[in-house]
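In what follows, a structure is listed as structure tokens, so that the remarks can point back to it.
The values are calculated or read from the model by the stated rules, or taken from the named source; none is laboratory data. On a predicted model such as this, the values are computed, not experimentally measured, just so you know. A quick note on method: Cβ atoms are made from the backbone with ideal geometry, for glycine too, and the neighbour counts reach across all protein chains shown. Heads up: the accessible areas ignore ligands, DNA and RNA and are worked out on the full protein's heavy atoms, side chains in. Shrake-Rupley method; radii C 1.70, N 1.55, O 1.52, S 1.80 Å.
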Amino acid sequence: MTNITTHQSSPLHLENTIGHLARNDLNINNAFSTYREMMLDGVISGSMSFLKSVMSRSFKIGYHEQSTQAEKALITALNTSLEGMQPYGMKQLVGNFLTSLEYGSSLNEIVLERVNGKYVFKNISPIHVSTVNRYEFNRGNLERVVLDPADNDGLIDNVEAKQTEIEGSKLLLVRLDPSQDHPLGRSLLHGCYKSWKMKEIISEYETIGVAKNLSGVLNISIPSDHITKYLTDPASDEAIYTDNLLRQAELLHAGKSSYLLTPSDTYDGGQRQFEVTTVGGEKGNSSFEVGSTIARLNNEIQLSLQTMLLSLGSEGGGSFALSDSKTQLLTMFVKHLHKTISSEFKKAIRLAFETNGLETSRIPELIFEDIEQLDWEALTKGWANLANAQLVTPDQGLESHLREIGKAPKAKYSERIGVDV
């Protein structure tokens, strides 16, 4: 049987080049350094800072609807320990969880201590995902991680015990949308890699074009015999005259590298022998405008990062009339991430319950601070419409509820004249 070899061409163009770079840069061994490089981009850095400022909300552990008194007492103690953790306080703790936006996952170690007879959180310390050599899972549960020494410039030395392995039961692995293709979660930066890389390449070509743009380079044309004398007989009048002319050009512009010396002889018809112009003329030699392309790529990056709100009202970014719907979409995304954090944090609560000898069938959820400010006018109008339709009864219970939502003082019904309490 004759072997037939099929040759396939691989044309080299920008899209194929970026696809090839993506397979290498987004490989698990290179992804974290790629994400760090992407954070140097102004649009990506600003978008990530915006997302983190919106999502950075403190939280507390709520009570389960069937919590016992012992469980409530422990939850209260755990909330107190969360507020007083050092050096990673509540703000830093949430910030550590939010690194999952950049790297796809966030890894934190749970450390308990005994205070007033109860085991509470001493610390929840971060572990950079780039230092993990191997994750060991069993049926979806993290059993162990093997660590490598952290990479740094030698300025920082961690004097804590150098851990090489940590049990999975003591770890919180917050993963952003994990899947079979991305079991450790998928960074938001993964989705905007191609747009970022294309923008980087185009910007680099633009910089090269600016550096090599000849539109401002002087072209000094003089008779060829003057150039010959200048090169062969420096003492001649022609050489001295040419040298003075070049010195003046050098002083007027940016040095010797900023002009060209070309020969020009005398022709019939009155053409001047000495002439100084620019190579590109008045319009220059650059005809490709990259601004619109970069603006389009910036919009794609913001769309991938869920931050289109930042470009509302600007050209190509949508109108302010879309702000409500885009704000609602961003709010849904923030709540989704908070739900992800809450789901993983149950492991820390379960560990505290087990260590304190309590049942783990009633593990509570986390309660985050509100993302949006309460629209009091819309709330009161809604309740007024319900009351007018006789769907609710405006009694003391409803009034107390509305006062609590609006953070108003509690009513003193005994001070009301003619009211039966």
When every residue in the stretch 309-320 that is open to solvent by 30 Å² or more (accessible area, probe 1.4 Å) and assigned to a helix (DSSP H, G or I) is compared, the one modelled with the highest pLDDT is Leu309
**Request:** Confirm whether Lys122 is more than 30 Å from Ser203 (Cβ to Cβ) and open to solvent by 50 Å² or more (accessible area, probe 1.4 Å).
**Result:** yes
Residues of the stretch 168-205 being in contact with a Ser or Thr (Cβ under 9 Å, 6 or more places away or on another chain) and among the polar types (S, T, N, Q), in sequence order, are Ser187, Ser195
Given the conditions (1) modelled with pLDDT of 65 or more; (2) assigned to a helix (DSSP H, G or I); (3) surrounded by 10 or more Cβ atoms within 10 Å (Cβ to Cβ), every one holds for Glu377 apart from (3)
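Rundown of residues vs (1) open to solvent by less than 60 Å² (accessible area, probe 1.4 Å); (2) modelled with pLDDT under 75, yes/no style:
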position: Ile363; (1), (2): yes, no
position: Ile367; (1), (2): no, no
position: Asp370; (1), (2): no, no
position: Leu402; (1), (2): yes, yes
position: Gly406; (1), (2): yes, yes
Among residues of the stretch 50-101 being touching a Phe, Trp or Tyr at 6+ places or on another chain (Cβ under 8 Å) and assigned to a loop (DSSP other than H, G, I, E, B), the residue surrounded by the fewest Cβ atoms within 10 Å (Cβ to Cβ) is Ser58
message: Regarding the stretch 168-175, can at least one residue be identified that is modelled with pLDDT under 85, of a type outside the set (D, E, K, R) and open to solvent by 40 Å² or more (accessible area, probe 1.4 Å)?
response: no
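Would you confirm whether or not the stretch 248-258 contains a residue that is open to solvent by less than 80 Å² (accessible area, probe 1.4 Å), in contact with a helix residue (DSSP H, G or I) (Cβ under 9 Å, 6 or more places away or on another chain), at pLDDT 70 or above and in a helix (DSSP H, G or I)?
Just the residues of the stretch 248-258 that are open to solvent by less than 80 Å² (accessible area, probe 1.4 Å), to begin with: 249-250, 254-255, 258.
Applying the additional criterion that residues be in contact with a helix residue (DSSP H, G or I) (Cβ under 9 Å, 6 or more places away or on another chain) yields 249-250, 258.
Right, trim to at pLDDT 70 or above and you get 249-250.
Within this subset, residues satisfying the condition of being in a helix (DSSP H, G or I) are 249-250.
Looking for residues that are open to solvent by less than 80 Å² (accessible area, probe 1.4 Å), in contact with a helix residue (DSSP H, G or I) (Cβ under 9 Å, 6 or more places away or on another chain), at pLDDT 70 or above and in a helix (DSSP H, G or I), one finds at least one in the stretch 248-258, hence yes.
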**Prompt:** within 28 Å of Gly185 (Cβ to Cβ), touching a helix residue (DSSP H, G or I) at 6+ places or on another chain (Cβ under 6 Å) and among the charged types (D, E, K, R): does that describe Lys60?
**Reply:** yes
Filter the stretch 36-49 for residues that are among the hydrophobic types (A, V, I, L, M, F, W, C) and assigned to a helix (DSSP H, G or I); the one that is surrounded by the fewest Cβ atoms within 10 Å (Cβ to Cβ) is Met48
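Every residue in the stretch 176-188 that is surrounded by 16 or more Cβ atoms within 10 Å (Cβ to Cβ) and more than 17 Å from Ser342 (Cβ to Cβ), please. Walk me through it before giving the result.
If we filter the stretch 176-188 for residues that are surrounded by 16 or more Cβ atoms within 10 Å (Cβ to Cβ), which is where we start, we get 176, 178, 182, 184-188.
Passing the criteria: His182, Leu184, Arg186, Ser187, Leu188.
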